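To start, the structure under review is shown below, and the notes come after it.
Taken together, the values in this text are just the output of simple stated rules run on the coordinates, not laboratory data. Predicted model only: the values in this text are computed from it and were never measured. So basically every Cβ, Gly included, is an ideal-geometry build from the backbone, and we count neighbours across all protein chains shown.
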Amino acid sequence: PRVLVLNGPNLGRLGVREPEIYGHLSMSDLKVSAATWGAELGLDVEVRQTDGESEIVGWLHEAVDAEAHVVLNPAAFTHYSYALRDAAAQVTTAGLLLVEVHLSNPAARESFRHYSVVAGIATGTVAGFGFDSYRLALSAIAARLAA
Ligand code: DQA
C-alpha cells in the first residue's frame, strides 16, 4: 500500500525552526526515517513538504486519484484552511485512511492552535511525540489495513 506523508508550511525549516518545540532533526532526516519505518511496516512511503496551500491541496487530490493513504501534518493550515480541509475530506470519503499528525501537542500551546479544521474529517490524529508522531501514524495505518 502507498502512503503519502504530506507536510505543510514551515516544516521545511525543521531542525532550524524553534528546536525547543520541534526538535533538532530536519525534513531530510524525516524522509530517511519514514523510508525505514515504511519498509518495516510494508508500506510504500513518500514524504513531501510545501509552503503552498494550492500545492498541498493538489497532492491530496493526487492521493485520491492514486488511491494512496495519507499522513498529513498541515502545520499552520490546520487551524484555518477550509480548502485543505475540503481536500482532505475527499481522501477519507474515498475510503482511504488519513491520519493528522503534529510534532508538538497543539492543545498544550497557544489557543489559536487548539482548533483543527482537519480533525473532524481525519481517520485519527497523533500529536505531541515529535518524529514518533509520524511513526505511530504509519503503524496505525499498517494495523488498520491488516485488520
Ligand atoms: C504543527 C503545529 C502547528 O500549530 C504549527 O503551526 C506547525 C507545526 C506541529 O507539527 O506541531 O507548523 O503542525
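Tabulated data for the structure shown
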| quantity | calculated |
| --- | --- |
| Net +/- balance of residues flanking SER81 in space, Cβ distance below 13 Å, scoring K and R +1, D and E -1 | -4 |
| Alpha-carbon centroid distance for the pair the range 1-65 / the range 80-142, whole angstrom | 13 |
| Distance-filtered residues of the range 98-140 - backbone nitrogen under 13 Å, label point 7 angstrom along ALA89 Cα→Cβ | 117-122 |
| Cβ-based exposure ranking for SER111, SER116, in which fewest neighbours within 10 Å come first | SER111, SER116 |
| Point-to-point label distance, ARG109-PHE129, nm (Cα→Cβ direction, 7 Å offset) | 1.8 |
| GNM flexibility winner over the chain from PRO106, PRO74, PRO19 (Cα, springs under 10 Å) | PRO19 |
| Gaussian network model of the chain, Cα within-10 Å springs - most flexible of GLU100, GLU40, GLU62 | GLU40 |
| Amide proton proximity set for ALA127, modelled H, under 5 Å, gap of 5+ | HIS102 |
| Two-site label geometry, ARG48 and ALA146: point separation in nm, points 7 Å out along Cα→Cβ | 2.8 |
| Ordering of 21-27, 5-11, 32-38 by burial proxy (mean other Cβ atoms within 10 Å per residue, highest first) | 5-11, 32-38, 21-27 |
| Charge dipole (the chain, unit charges on Cβ, about Cα centre) - positive-most of ILE56, GLY120, ALA39 | GLY120 |
| Sequence of HIS61, HIS69 once ranked by neighbouring C-beta atoms within 10 Å, starting from the fewest | HIS61, HIS69 |
| Rounded to whole Hz, the Karplus (6.51, -1.76, 1.60) HN-Hα couplings of the range 13-25, x for glycine and proline | 9, 4, x, 9, 7, 5, x, 5, 9, 9, x, 9, 8 |
| Total formal charge among the other residues, if their Cβ is under 10 angstrom from that of GLY124, Lys/Arg +1 and Asp/Glu -1 | 0 |
| Amide H within-cut-off set for LEU97, under 5 Å, with H built and near neighbours excluded | VAL70 |
